[in-house]
């Protein structure tokens, strides 16, 4: 349910949306659209695997349709007034229902899932950030995401390749945002933006407390940079390797960063 790989550097990678596991009761309740699992952050754990030494990774194997561990556990929207998906999504990213008629989770079921999956993921993530902070005097959480580059239900036009989120610069030291943004801006052939459509999910906003020596930054990659964006969502080694070179530079810069 939660996979943990412990490293000795200040850097922790969060992997909240790469899981594809569905409990049998949830799988049975989903309709044909839901069972496609189209909104997975496909191959993200493979994309980041082995880029640098010493990182800690925390990954949930449960699919976001069971419960989205990057959403506020209270159910509050991260983007008020904009189309988005909730704590236990009822639609996919195209706004299409994912449950069979009458099978959507009620409040009791949502709370059961929160305790079983959301709470366990964040207990593991919080513990690792505390451990790293105690060892190094600070911790950096880099939250790993990807999404289709075109989703009219969620945003207009084509998404930039690198989407950096720090909730308006509040979740990490200015030097961290500047370093990551600078690498992305210099990446030839790629586009980037800071705090555009994706400003950082609940994880980034919840843990990013620079005053407490915990810094958080979200990276939302356009899936067109490394894979086919439609089924069967094939990983494309050549463009992925090109992208991995820039991701390695980003992670290296975070491992080498030190508070002033």
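Some values worked out for this structure:
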read-out: Filtered residues of segment 114-126 (kept if closer than 15 Å to residue 216 by Cα and either buried (at least 24 other Cβ atoms within 10 Å of the Cβ) or without any contact (Cβ under 8 Å) to a residue 40 or more places away in the chain (or both)); value: 125
read-out: Considering residues of segment 151-175 that are surrounded by fewer than 15 Cβ atoms within 10 Å (Cβ to Cβ) and farther than 23 Å from residue 258 by Cβ only, the residue nearest to the chain's Cα centre (by Cα); value: 168
read-out: Some residue of segment 112-131 being modelled with pLDDT of 95 or more, at negative phi and part of a loop (DSSP other than H, G, I, E, B); value: no
read-out: Cβ pairs under 6 Å, 6+ apart, first in segment 147-167 and at positive phi, second assigned to a loop (DSSP other than H, G, I, E, B) and surrounded by 17 or more Cβ atoms within 10 Å (Cβ to Cβ); value: 167/199; 167/200
read-out: Cβ-Cβ under 9 Å pairs, at least 6 apart or on other chains, segment 233-247 side on the phi > 0 side of the Ramachandran plot and surrounded by 15 or more Cβ atoms within 10 Å (Cβ to Cβ), far side modelled with pLDDT under 95 and in a helix (DSSP H, G or I); value: none
read-out: Residues being at negative phi and touching a strand residue (DSSP E or B) at 6+ places or on another chain (Cβ under 8 Å) - total across segment 210-232; value: 12
read-out: Matching option when the condition is under 30 Å from residue 100 (Cβ atoms) and in contact (Cβ under 8 Å) with a residue 24 or more places away in the chain, among 19, 14, 54; value: 19
read-out: When residues of segment 196-228 are limited to those that are over 17 Å from the mean Cα position of the chain (by Cα) and surrounded by fewer than 21 Cβ atoms within 10 Å (Cβ to Cβ), the one farthest from residue 119 (Cα to Cα); value: 228
read-out: Some residue of segment 29-43 being touching a residue at least 12 places away in the same chain (Cβ under 8 Å), surrounded by fewer than 15 Cβ atoms within 10 Å (Cβ to Cβ), farther than 18 Å from residue 100 by Cβ and touching a helix residue (DSSP H, G or I) at 6+ places or on another chain (Cβ under 9 Å); value: no
read-out: Positions within segment 138-153 being in a loop (DSSP other than H, G, I, E, B) and within 14 Å of residue 11 (Cβ to Cβ), in sequence order; value: 138
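Every residue, every condition in (1) in a strand (DSSP E or B); (2) under 18 Å from residue 42 (Cα atoms); (3) at pLDDT below 95, yes or no:
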{"position": "158", "(1), (2), (3)": "no, no, no"}
{"position": "167", "(1), (2), (3)": "no, no, no"}
{"position": "171", "(1), (2), (3)": "no, no, no"}
{"position": "179", "(1), (2), (3)": "no, no, no"}
{"position": "185", "(1), (2), (3)": "no, no, no"}
{"position": "205", "(1), (2), (3)": "no, no, no"}
{"position": "217", "(1), (2), (3)": "yes, no, no"}
{"position": "243", "(1), (2), (3)": "no, yes, no"}
{"position": "247", "(1), (2), (3)": "no, yes, no"}
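The values are calculated or read from the model by the stated rules, or taken from the named source; none is laboratory data. The model shown is predicted, which means the values in this text are computed figures rather than measured ones. In this analysis, Cβ positions are derived from the backbone assuming ideal geometry, glycine residues included, and neighbour counts consider all displayed protein chains.
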